[in-house]
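The block underneath contains the structure these notes are about, expressed in C-alpha coordinates.
The values are calculated or read from the model by the stated rules, or taken from the named source; none is laboratory data. Keep in mind it's a predicted model, so treat the numbers as computed, not measured. A quick note on method: Cβ atoms are made from the backbone with ideal geometry, for glycine too, and the neighbour counts reach across all protein chains shown.
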Amino acid sequence: MNADFSKAYGFASGFSYRREPFGGILYHYEGTKPDPRVTFVDNAFLIDILDLVGEAPLEKVVAEVSTHFRLDVKEEAAVREFLNELIARGAMAERSTLCGVCGVPNP
(Lines give C-alpha, C1' and ligand atoms only; values in the text may rest on other atoms or scores of the structure.)
Protein backbone atom coordinates (compact mmCIF):
# COMPACT_ATOMS: atom_id res chain seq x y z
CA MET A 1 0.00 0.00 0.00
CA ASN A 2 1.44 3.33 -1.02
CA ALA A 3 0.31 6.36 0.92
CA ASP A 4 -0.89 9.54 -0.75
CA PHE A 5 1.99 11.84 0.20
CA SER A 6 0.05 14.87 -1.05
CA LYS A 7 -2.11 14.63 2.10
CA ALA A 8 -1.36 15.42 5.73
CA TYR A 9 -1.26 12.48 8.13
CA GLY A 10 -1.56 12.25 11.88
CA PHE A 11 -1.02 9.58 14.47
CA ALA A 12 -3.88 7.23 15.23
CA SER A 13 -5.18 6.91 18.77
CA GLY A 14 -2.95 4.64 20.80
CA PHE A 15 0.23 5.32 18.83
CA SER A 16 3.27 6.77 20.53
CA TYR A 17 7.01 6.67 20.23
CA ARG A 18 9.98 7.08 22.49
CA ARG A 19 13.58 7.93 21.75
CA GLU A 20 16.24 5.52 22.93
CA PRO A 21 20.05 5.54 22.64
CA PHE A 22 19.81 3.03 19.77
CA GLY A 23 17.03 4.92 17.92
CA GLY A 24 13.55 4.48 19.31
CA ILE A 25 10.55 2.36 20.15
CA LEU A 26 7.15 2.63 18.49
CA TYR A 27 4.12 1.61 20.55
CA HIS A 28 0.67 1.01 19.14
CA TYR A 29 -2.10 0.18 21.61
CA GLU A 30 -5.48 -0.61 20.10
CA GLY A 31 -7.12 -2.42 22.99
CA THR A 32 -7.04 -5.76 21.19
CA LYS A 33 -4.82 -8.80 21.61
CA PRO A 34 -1.90 -8.96 21.12
CA ASP A 35 -1.42 -5.49 22.45
CA PRO A 36 0.67 -3.42 22.36
CA ARG A 37 2.48 -3.79 19.09
CA VAL A 38 6.05 -2.73 19.73
CA THR A 39 8.59 -1.97 17.04
CA PHE A 40 12.25 -1.18 17.60
CA VAL A 41 13.75 1.35 15.20
CA ASP A 42 17.53 1.43 15.07
CA ASN A 43 17.71 4.82 13.39
CA ALA A 44 17.31 7.96 15.53
CA PHE A 45 16.91 10.07 12.38
CA LEU A 46 13.68 8.23 11.47
CA ILE A 47 12.31 8.74 14.98
CA ASP A 48 13.11 12.47 14.74
CA ILE A 49 11.09 12.72 11.52
CA LEU A 50 7.97 11.73 13.46
CA ASP A 51 8.14 15.10 15.23
CA LEU A 52 7.50 16.76 11.86
CA VAL A 53 4.37 14.77 11.01
CA GLY A 54 1.19 16.75 11.51
CA GLU A 55 -0.47 19.49 9.56
CA ALA A 56 1.72 19.52 6.45
CA PRO A 57 1.36 17.02 3.61
CA LEU A 58 3.91 14.21 3.86
CA GLU A 59 5.42 15.26 0.53
CA LYS A 60 6.34 18.61 2.06
CA VAL A 61 7.78 16.93 5.16
CA VAL A 62 9.93 14.59 3.04
CA ALA A 63 11.05 17.43 0.75
CA GLU A 64 12.06 19.66 3.67
CA VAL A 65 13.94 16.85 5.42
CA SER A 66 15.61 15.82 2.17
CA THR A 67 16.73 19.36 1.40
CA HIS A 68 17.81 20.25 4.93
CA PHE A 69 19.85 17.08 5.44
CA ARG A 70 20.90 16.70 1.80
CA LEU A 71 19.54 13.18 1.59
CA ASP A 72 20.47 11.12 -1.44
CA VAL A 73 17.87 9.14 -3.39
CA LYS A 74 18.38 5.98 -1.32
CA GLU A 75 18.05 7.85 2.00
CA GLU A 76 14.91 9.66 0.85
CA ALA A 77 13.42 6.32 -0.25
CA ALA A 78 14.10 4.93 3.24
CA VAL A 79 12.19 7.84 4.80
CA ARG A 80 9.25 7.25 2.45
CA GLU A 81 9.29 3.51 3.17
CA PHE A 82 9.29 4.16 6.93
CA LEU A 83 6.26 6.47 6.67
CA ASN A 84 4.47 4.09 4.28
CA GLU A 85 5.00 1.25 6.73
CA LEU A 86 3.48 3.25 9.59
CA ILE A 87 0.45 4.07 7.45
CA ALA A 88 0.04 0.46 6.31
CA ARG A 89 0.13 -0.68 9.95
CA GLY A 90 -2.57 1.82 10.95
CA ALA A 91 -0.28 3.89 13.15
CA MET A 92 -0.91 6.93 10.94
CA ALA A 93 -3.96 8.01 8.96
CA GLU A 94 -4.95 10.96 6.80
CA ARG A 95 -5.70 13.89 9.10
CA SER A 96 -9.05 14.43 7.42
CA THR A 97 -10.15 10.95 8.52
CA LEU A 98 -9.08 11.25 12.18
CA CYS A 99 -11.54 12.22 14.88
CA GLY A 100 -10.47 15.63 16.17
CA VAL A 101 -11.24 14.64 19.75
CA CYS A 102 -9.82 11.14 20.18
CA GLY A 103 -7.61 10.56 17.12
CA VAL A 104 -9.44 7.40 16.08
CA PRO A 105 -9.87 7.04 12.30
CA ASN A 106 -13.47 7.72 11.29
CA PRO A 107 -15.22 4.89 9.44
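Annotations for the structure displayed:
- Residue in region 52-62 that is farther than 13 Å from LEU83 by Cβ and at pLDDT 85 or above present: no
- Considering region 54-81, and only residues there that are loosely packed, with under 14 Cβ neighbours inside 10 Å and in contact (Cβ under 8 Å) with a residue 40 or more places away in the chain, the residue that is farthest from SER13 (Cα to Cα) turns out to be GLU55.
- Of everything listed in (1) surrounded by fewer than 15 Cβ atoms within 10 Å (Cβ to Cβ); (2) closer than 15 Å to TYR17 by Cα; (3) at pLDDT 90 or above, the single unmet condition for VAL38 is (3).
- Every residue from region 9-27 that is modelled with pLDDT of 90 or more and surrounded by fewer than 18 Cβ atoms within 10 Å (Cβ to Cβ): ARG18, ARG19, GLU20, PRO21, PHE22, GLY23, ILE25
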